[in-house]
Amino acid sequence: MYGAGKLESRNVKEYETAARYARDCGCADLIDCLLEMAEVEWNHEFYFRSRVLDHALGRRLPLWLQPPPKETIRLTFAGERTTPSAQNQPPKQVRSAQSRRDEMFIAPREQDIS
């Protein structure tokens with residue numbers, strides 16, 4: 001439980017960072033999903049922290065840094081300004097999740113390889 005909670009705490013930050021990268025490179029269609037995943041990871045961290053604190057031995061262990069309240073994930077992101085380079089880029093064509101999966105999993109044609 002201890003290790004899982006610590007890992008989940010880091011995952012919250014990683015998803016927030018990924019959402020910033022998506023915003024800065026013009027992939028606005030990914031931002032909401034990444035922020036939602038950060039919120040899910042926050043819930044996981046909260047659960048594991050509570051399990052560790054409920055255990056007699058867990059109360060004696062030094063805990064990892066507690067993430068800020070869940071509500072701040074989107075508020076902080078919304079309050080940040082985009083980078084100047086992202087503001088000057090034309091918006092990317094929004095593609096569906098299905099089309100991105102197709103690009104990843106459909107084998108290239110033989111003439112595309114050579």
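Throughout, read-outs are computed from the coordinates displayed, never taken from laboratory work. Computed from a prediction, not measured in an experiment: that's the story for all the values here. Heads up, the Cβs are rebuilt from the backbone with ideal geometry, glycines too, and the neighbour counts pull from every protein chain shown.
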Net charge, LEU63 excluded, C-beta distance under 13 Å - Lys, Arg +1, Asp, Glu -1: +2
Extension gain from VAL40 to ASP24, taking 0.36 nm per residue of separation minus the Cα-Cα distance: 3.5 nm
Filtered GluC sites (Glu not before Pro), segment 30-78: DSSP coil and at most 13 other beta carbons within 10 Å: GLU71
